[in-house]
Amino acid sequence: MNRVQSHAGLCVALFVLSFFLCWSFGGIEAYPWELLHPSHQSQSYILLFIRLPRIVCACLVGAALGAAGVLTQGLFRNPLASPSLLGISSGGVLGACLALFLGFESWNNWLHPLCAFLGCFLSLLCVLSMSRRIQAYATEDLLLIGFALNGILSAASSLLLSIALHEPNKSASIMNWMLGTLSGKTWNHNMFAVLPIAIALLAAWRLAYPLNVLALGAENACSVGLNIATVRRQGMLVIALLVTVSVTLGGLLPFVGLIVPHVSRLLVGPDHRKLLPLSALNGATLVMSSDLVARTLIAPLEIQVGALISLFGSPFFLWLYFQERRKTQR
Amino acid sequence: MTTLFSGLEISLKIAGKTLLNNVSLAIPAAQITVLMGPNGAGKTLLLKVLAGMLSPHEGRLEGADGLPLLLGDEKEWALWRTWVPSSQTLPFDFKVIDLVQMGRLSLHQGFPGATDLKASLEALRKLGIEHLKDRSFNSLSRGEQTKVDIARAIAHTASLLILDEPFANLDIDSQLHLSKVLRSLVKEGRTVLLSHHDLYSIPRLADSVAFIKQGQLIAAGPKADVFIPSLIHQVFGVQVTMCQHPKGQTLLVTDMQDMME
């Protein structure tokens, strides 16, 4: 077994272990093996209809963000890029916050995720229309467009929050969405998400080798026959779809798409054909485990999982960055 | 002498400034053509236009049959020519063998296969760097990185190789070795077009020479007709003398008198 295979095996083992830990622990005592001889119906209900859909939802969100992070870093040829740089995450969050602010949730449960979905796609349309002449735009231009859009949309969400501060219920809900949470996710949410994520992951897989070639630089990649404009457009659409679904499900979890691809690259190298599936797996493990900590650390209260990931993700990322720097200075 | 293709009346303006002015250049088939000129003369821009990487403001490319060179997308261009720009550090640290295989993107569908691996190893072997195949690209020296970039072009089957200053980072031994490799490719029927600064290596390297200065073609043709002291003086402003080595090679000697005064 070579180094890459052993690292991939370790990640799979970690995923399985995390899955069973997440299924076993929560605010109320209920263990998966009790399903074999159920003594209380409430325990089965907690395990199958509260805890399990939430874990599956964490996996879907993590996998989507992990893969979206790889695509973003590959597309922009920058290992420190993140999907939120395009402004799509912020668009989704603004849509969700707007729905909460206007009280759409009381009309229909699906209006809320639908608004998040619309927010993502409108911000995507904004990025796409601004970069319509994509061949004439350098990667730096796209990053700047995303950066500016991100700033505007985040500011708009903050503005909504500040207006809603006199209504504690609304402001708490908006805060939840802005900080990212998986609380209250059901099988219905997962059913909505699984197909688009599966389609997006398959499309991402088709882009894996072109992204390898794109790492050569625009000029080199073009010279060996890569249609850069097509790869960029397809990549952006796949990223948008993945981020849209993850934001719709879990709100803003900004650090996953940045740190997961970075760690996965250290484990299996830069080849996107290995990096994409491993990042999806590691993203799932990270969000699932973080959610376990978020719901058990100060149970019965919950911490917002997005805030928690940022809390330990930032120093971890800094540590990795300095490790890399030290390696290159040797 | 058969012409592989020609660039005709090529003009290029960037930000209102004319950088190539009415350049017409025929590239002979199965020869090494060296494009020379002072810094900022427009060599790289002309190579990019001839490689289809840059659309000229005016002018056109014609094939050997005198008809316009009609190549559609990037893939068609990649099947027609390989282009080696100046080397650059990569954001992700790929292995050398993976990078060389990427040069064959236009030849395979999807992912590279066994044929691509074999051709890539052969290209590395030709350049004498097969031992670097599992090394990461960013850990290599500039010279080694240049060789990997050239190997990526050689691994392809395209009949035309266009290289932008391929000798720039190479030591003398590597320069001589690369000259031999390029000569062997020409013997196989491939055409090489490259930009270069070193006047002294032209006698052993080039079949044809083209001089460019301030975006204008000064002269182009067989080495014996063009690579002469008067034209070199016109382009570079230096006095040179051609000498005959006892073993028969032509040598170039720069007259240092002006500098000594």
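What are the DSSP H helices in chain A that stretch 20 Å or more along their long axis, judged by alpha-carbon atoms, and whose average Kyte-Doolittle hydropathy comes to at least -1.0?
Span-like helices here: A:3-24, A:52-75, A:111-130, A:139-163, A:187-206, A:228-250, A:272-296, A:305-329.
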Can you work out ³J(HN,Hα) from phi for every residue in the stretch B:101-110, in order, using Karplus 6.51 cos²θ - 1.76 cosθ + 1.60 and θ = phi - 60°, giving whole Hz and x for Gly and Pro?
-> 5, 4, x, 9, 3, 6, 9, 10, 9, x
Solvent accessible area, Å² - B:T157, 1.4 Å probe, full protein context | 100
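Expressed in whole Å with the largest first, what are the equivalent ellipsoid semi-axes of chain B derived from the C-alpha gyration tensor as the square root of 5 times each eigenvalue? Let's see the in-between values first.
Working: eigenvalues 183, 113, 60 Å².
Taking √(5λ) for each eigenvalue gives 30, 24, 17 Å, largest first.
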Non-local residues with an amide H under 5 Å from the amide H of B:L4, with H modelled 1.01 Å from N and Pro and chain starts lacking one, are B:I27, B:A29
On the first, second and third principal axes, largest extent first, how far apart are the outermost C-alpha atoms of chain A in Å?
-> 66, 54, 37
Protection proxy (average C-beta count within 10 Å per residue), highest first, orders B:96-107, B:130-141 as B:96-107, B:130-141
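To the nearest 20 debye, what is the magnitude of the charge dipole of the protein assembly as shown about its Cα centre, counting +1 on the Cβ of each Lys and Arg and -1 on the Cβ of each Asp and Glu?
On the way: 44 positive and 37 negative charges, 128 e Å.
For the protein assembly as shown, the charge dipole is close to 620 debye.
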In vacuum, with every alpha carbon of the protein assembly as shown counted as one equal point scatterer, what does the Debye formula give for log10 I(q)/I(0) at q = 0.07 Å⁻¹? Two decimals, please.
-> -0.54
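Within 15 Å, Cβ to Cβ, of B:E9, how many net charges do the neighbouring residues add up to if Lys/Arg are +1 and Asp/Glu are -1?
That sum, taken over residues with Cβ under 15 Å, equals 0.
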Just the number, please: percent antiparallel of the DSSP beta bridges in the protein assembly as shown, rounded to the nearest 5.
-> 60
Karplus ³J(HN,Hα) for the stretch B:217-224 (6.51 cos²θ - 1.76 cosθ + 1.60, θ = phi - 60°; Hz, whole; x = Gly/Pro) runs 6, 8, 6, 8, x, x, 3, 4
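The values are calculated or read from the model by the stated rules, or taken from the named source; none is laboratory data. Given the structure is predicted, the values throughout are model-derived calculations rather than measurements. Don't worry about glycine lacking a Cβ; one is built from the backbone with ideal geometry, like all the others, and counts go over all protein chains shown. What goes into the accessible areas is simple: the full protein's heavy atoms, side chains included, and nothing from ligands, DNA or RNA. Shrake-Rupley method; radii C 1.70, N 1.55, O 1.52, S 1.80 Å.
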